[in-house]
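Have a look at the structure below before the remarks.
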Amino acid sequence: MERAFGVKIQAREPGFTIDGGDVDSHRKASRVLTEMVRIAEDTGDLDGYVVDLLVRDQIDGQTSTELGRPILYDARGQAVRARTEGQHRLVAAARAHELVFAIGPAGTGKTYLAIAMAVAALQRREVDRLVLVRPAVEAGEELGFLPGDLKEKIAPYLQPMTDALQELLPRARYKECLEAGIIEMAPLAYMRGRTLKRCFAILDEAQNATVPQMRMFLTRLGVGSRAIVTGDPTQVDLHPPTKSGFEDACLILSNVQGIAQVRLRSSDQMRHPLVQAIIDAYDSRSSNFGD
C-alpha cells in the first residue's frame, strides 16, 4: 500500500495514521484500510491477495465491496467464499454477466464455486431451478455395460456435482429439491430440444463437449436464465479428430457483450496440504531419477 500510494502508514490506536503523499493518495489508502478492517471483521482473516486486489481497484478507480463476503453458508453453517484472486474474479464475473466461461486446471474450485453461486441464486429466488449438466464422454462405449437402469448408469458421471450439492445443502432440502425437480442433473445429450427459463445452468467438464453439443447447450438458455461453463482445455478426452466445443466457444464468443471468460491458474488451486506434499515428493523423485 505504501509503495502503491506513495505514503507512510502506521498503526495507532484506535486506527491508523497516513503520512506523506497527496490528498488523493490519502483518500485511496484510507479506503483500502477501511475495506481491510471490514473484511477482517467479517471473515476473521485477511489474505495478501485480497489487499492486492483492493489496492489495484483503487488505482483503477473501482471499489470491491464484495471481497471476502460469503457466497452462502453450507449445510454445516460454514461460510463459502472465494479464496484466491482467480476465484474472486470468477465470482465477480458471475454476478455481473449472464454467461461465464471458467477456464482452468483441476483443483481451482471452478465446479464448486459455480454450484455455490447457483445455490445462492436459488436461495435468493433469483432463479426457480438449477440445471447441472456434464458430458458423459466415456459413456459412448461403456455405459451399456454398467449395471442398473439409465439413472444408475449415469450417476458416476454426475457424482462430483452431487457431492458439491450435498455439502452445500442440508440433506432434507437437497432431497426435497431433487424430488420437486428444482435441482436437475443430467448428461449433456438430454438438453437437446429444451428451453431453460429462469434457471441457473452449469455445464461442467465442458472441454469434453463437441462443437455441436456446445452450441446446443448455449442456445438452450431462456428468459431469466444464467449459466456458467467450466472446463480445462488440457484435459480433453474426445477422440481425434473430434474438436472440443469448449475451446471453440471461448474463441468465437470472446468479444460478445454479456459473456465473460475467467482464466484460473495453478496458483488458484485449493489442495489439502498433504496432497501438495505428495505432489512435491513425486516431482522431486522424478527430478532425482531423471524420469
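The values are calculated or read from the model by the stated rules, or taken from the named source; none is laboratory data. Only a predicted model underlies this, so the values are computations on that prediction, with no experimental measurement involved. Here the Cβ positions follow ideal geometry from the backbone for every residue, glycine too, while neighbour counts run over all protein chains shown. For accessibility, only protein heavy atoms count, side chains too; no ligands or nucleic acids. Shrake-Rupley method; radii C 1.70, N 1.55, O 1.52, S 1.80 Å.
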Taking Cα pairs under 8 Å and at least six residues apart, what relative contact order does the stretch 168-261 come out at, in percent?
-> 28
Determine, from the Cβ-Cβ distance of residue 46 and residue 194 and an R0 of 35 Å, the FRET efficiency 1/(1 + (r/R0)^6), rounded to the nearest 0.05.
-> 0.20
Pull out the extension gain between residue 22 and residue 256, defined as 0.36 nm times the separation in residues minus the alpha carbon to alpha carbon distance; nm, one decimal.
-> 80.2 nm
What accessible area, in Å² to the nearest ten, does a 1.4 Å probe give for residue 167?
-> 80
At 1.4 Å probe size, with no ligands or nucleic acids counted, give the accessible surface of residue 266 in Å², nearest ten.
-> 80
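Pop the C-beta distance of residue 243 and residue 173 into the FRET formula with R0 = 41 Å and round what comes out to the nearest 0.05. Don't jump to the answer; show the numbers that get you there.
Values: r = 40 Å, r/R0 = 0.98.
That gives a FRET efficiency of 0.55.
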For all pairs of alpha-carbon atoms in the stretch 145-251, what percent lies in each bin of width 5 Å, listed from the first bin to the last filled one?
-> 2, 10, 18, 22, 21, 15, 8, 3, 0, 0
Taking the simple approach of a point 7 Å from Cα along Cα-to-Cβ for both residue 186 and residue 155, what is their distance in nm?
-> 2.0
Residue 267-residue 83 pseudo-label distance in nm [points 7 Å out on the Cα-to-Cβ vector] = 1.7
Shape call for the stretch 199-240, from the Cα gyration tensor axes a ≥ b ≥ c (a/c under 1.5 means rounded, otherwise prolate when a/b beats b/c, else oblate), comes out oblate
Multiply the residue gap between residue 106 and residue 37 by 0.36 nm, knock off their C-alpha separation, and tell me the result in nm, one decimal place.
-> 21.6 nm
